[in-house]
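Just so it is clear, none of the values below were taken in a lab; they were calculated from the coordinates. Here the structure is a predicted model, which means the values were calculated and not measured. Because the Cβ atoms are built from the backbone with ideal geometry, glycine has one as well, and the counts that use them run over all protein chains shown.
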Amino acid sequence: MSTGLDTFDKTVQESNLWLKDIMDRLETADRHRAYSSLRAVLHALRDRVGAENAAHLGAQLPMLLRGLYYEGWDPTDKPSKERHEEAFLAHIAKELPRAEEGEVEQGALAVLDVLSKHIDRNAAVKTAAMFPMELRKFWPAFIQSAAKQR
């Protein structure tokens, strides 16, 4: 279905590609699960990196996903201070109240993998480098390696 506006059609198409990639990585046909994971992880990233870096990361997203990313954002009291895996996953899990065991971690891995492949590599490396070593494990290996060298 076309909107009649190339800009809108393009962002819907790009956003659907991201969702399909996340679904593939989660090995699910559940688009809602992929969407929910994408939303929760993007919000956790946005809250963790601080306002200026969040804006730079947001600029890398397709227009539709950028709206999802900024939805409900209050940059006061940011960045969040999660330094450990449990706290970071708990931040994500707040937006996934029905997630079963392991789904939050799988979602984080899937979304960060897809994000790393769709945005500028330097932006992905810069964002990953802002995370403590314990939290970098959620990023794909090629990003972890590059962030370590930063």
DSSP-loop GluC sites (Glu not before Pro) across region 1-63, with at most 16 other Cβ within 10 angstrom: Glu27
Connecting C-alpha atoms closer than 10 Å in a GNM of the chain, tell me which of Asp24, Asp74, Asp113 has the biggest fluctuation. Asp74
When the chain is treated as a GNM, springs tying every alpha-carbon pair under 10 Å, which of Trp73, Trp139, Trp18 comes out with the largest mean-square fluctuation? Trp73
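Counting each DSSP H run of 4 or more residues in the chain as -39500 (n - 2.57), what helix-only mean residue ellipticity at 222 nm follows after dividing by all residues, to the nearest 500 deg cm²/dmol? Show your work: numbers first, answer last.
Details: 9 runs with 103 residues, N = 150.
It lands at -21000 deg cm²/dmol.
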Given the options Ala40, Ala93, Ala123, which has the most mean-square fluctuation in a GNM of the chain, springs set between C-alpha atoms less than 10 angstrom apart? Ala123
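How about region 67-138: which GluC sites (Glu not before Pro) there lie in a loop by DSSP and see at most 10 other Cβ atoms within 10 Å? The partial results should precede the final answer.
Numbers: sites: Glu71, Glu82, Glu85, Glu86, Glu95, Glu100, Glu101, Glu103, Glu105, Glu134; in loops: Glu71, Glu82, Glu95, Glu100, Glu101.
Sites meeting the loop and neighbour criteria: Glu100, Glu101.
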Given 0.36 nm per residue, what is the gain on full extension from Thr76 to Ile119 after removing their alpha carbon distance, in nm? 12.9 nm
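Of the listed pairs Lys81/Lys126; Lys81/Lys137; Lys94/Lys148; Lys20/Lys148, which have alpha-carbon separations greater than 27 Å here? Please list the in-between numbers first.
Values: Lys81/Lys126 18 Å; Lys81/Lys137 17 Å; Lys94/Lys148 29 Å; Lys20/Lys148 29 Å.
Over 27 Å Cα-Cα: Lys94/Lys148; Lys20/Lys148.
Going by a ≥ b ≥ c, the root eigenvalues of the Cα gyration tensor, does region 6-115 fall in the rounded group (a/c under 1.5), the prolate group (a/b larger than b/c) or the oblate group?
It is oblate, given that a/c is not under 1.5 and a/b is not larger than b/c.
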I'd like the orientation of helix 103-118 relative to the chain: the angle between its Cα long axis and the longest Cα principal axis, in ° from 0 to 90, rounded to 10. 70
Helix axis angle, 31-49 relative to the chain longest principal axis, alpha carbon, degrees: 50
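Under the 0.36 nm per residue contour assumption, what length would be gained going from the current alpha-carbon distance of Phe8 and Lys137 to full extension? Let's see the in-between values first.
Numbers: separation 129, 0.36 × 129 = 46.44 nm, distance 3.45 nm.
Result for the pair: 43.0 nm of gain on full extension.
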